[in-house]
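Taking it in order: structure first as structure tokens, then the write-up.
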Amino acid sequence: MKSKDYYEFITVDFKFYADIYLQLKKYSEVYTNGYEEVFYNADKELNYQYMFILSALSPMDGKDIIAKKIKVVAAYIDGYSARRMFNFSKINWNTNKNDLFSTIKAIRNMPLDKLTVFLTYKLKDMDLQLNGIIWSDKGNEFSWNQFSGRYILHVLARFTDYIDVAMGNESLFDSYVNRTVKNTYDREHVIPDKYEDYAASFSSREEFNSFRWKLGNLILLKLLEFPWL
């Protein structure tokens with residue numbers, strides 16, 4: 001490389017990627033319309049999304065292409081993690097680094113049309129799919145357990161937010177998952193832990209206990225403090 005090449009790398013390429021990274025950090029901290037998946041991934045602590053997105057971008061890309069690539073790659077990470085999560089499989093970097101890194105290298109500077117097709121087929125070719133939500137090799141149906149507990153709030157918030165928006169209301173996903181404010185939202189069972197009241201509907205207490213922890217029996221509720229209690 002010549003001196004001019006180093007100069008252009010610092011003043012053009014490095015600045016380009018640094019500016020995009022700062023913008024991505026903003027999207028991960030502030031729920032932004034059109035860039036929801038970046039926020040979703042950050043909520044799941046998938047910090048490797050930044051490497052993925054930056055790899056797909058090129059300083060030669062226009063603003064419109066950059067925006068579309070960010071959305072496509074962020075959606076891929078969201079879909080990839082969901083397929084693993086619903087099958088009780090870890091979604092962190094260390095567990096999946098070989099697969100993730102090979103994909104990062106493959107999409108480097110890839111044109112938008114090719115990128116979209118490539119990542120779509122990557123999801124379709126995964127061994128684990130979204131049907132894990134009703135059946136998984138590691139258990140029957142996605143439920144609240146030691147592994148999934150940290151993600152249940154995120155999943156319930158996504159479901160609730162989807163219904164909110166479909167009904168014409170504003171999105172409140174960021175409020176649903178915000179654990180730093182007073183009276184936060186939390187996970188709760190629809191059927192209370194009172195087997196005697198529901199014994200007629202279940203063959204055994206074991207079936208009752210198993211049912212209570214399934215995703216369909218969970219709901220998002222706001223924690224309220226009652227000073228008189």
Selection of trypsin sites (Lys or Arg not before Pro), segment 94-145, meeting DSSP coil and at most 13 other Cβ within 10 Å: Arg108, Lys138
Accessible-area ranking of Phe16, Phe9, Phe52, largest first, probe 1.4 Å: Phe9, Phe16, Phe52
For segment 109-123 and segment 82-99, distance of Cα centres in Å: 20
Candidates per chymotrypsin sites (Phe, Trp or Tyr not before Pro) in segment 114-177, loop by DSSP, up to 14 other Cβ within 10 Å: Trp135, Phe147
Loop sites in segment 169-202: GluC sites (Glu not before Pro), DSSP, at most 14 other Cβ within 10 Å: Glu170
Rounded accessible area per residue of the chain, 1.4 Å, Å²: 61
Val165-Lys25 pseudo-label distance in nm [points 7 Å out on the Cα-to-Cβ vector]: 2.6
Once the Cα gyration tensor of the chain is diagonalised, semi-axes √(5λ) in Å: 40, 21, 14
Convex hull volume per residue for segment 168-229, taking Cα atoms only, in Å³: 150
Degrees, to the nearest 10: 93-106 long Cα axis against longest axis of the chain: 40
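Give, in nm to one decimal, the length gained when the segment between Ser203 and Asn217 is fully stretched (0.36 nm per residue of separation minus the Cα-Cα distance).
Gain on stretching Ser203 to Asn217: 3.3 nm.
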Solvent exposure ordering (accessible area, 1.4 Å, most first) of Leu130, Leu215: Leu130, Leu215
Whole-percent carbon and sulfur share, accessible surface of the chain, 1.4 Å: 54
Cα pair distances of segment 112-188 binned at 5 Å [whole percent]: 3, 12, 15, 16, 16, 18, 14, 5, 1, 0
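The values are calculated or read from the model by the stated rules, or taken from the named source; none is laboratory data. Here the structure is a predicted model, which means the values were calculated and not measured. Every residue, glycine among them, receives a Cβ derived from its backbone with ideal geometry; neighbour counts consider all protein chains shown. Note: areas computed on protein heavy atoms with side chains; ligands, DNA, RNA excluded. Shrake-Rupley method; radii C 1.70, N 1.55, O 1.52, S 1.80 Å.
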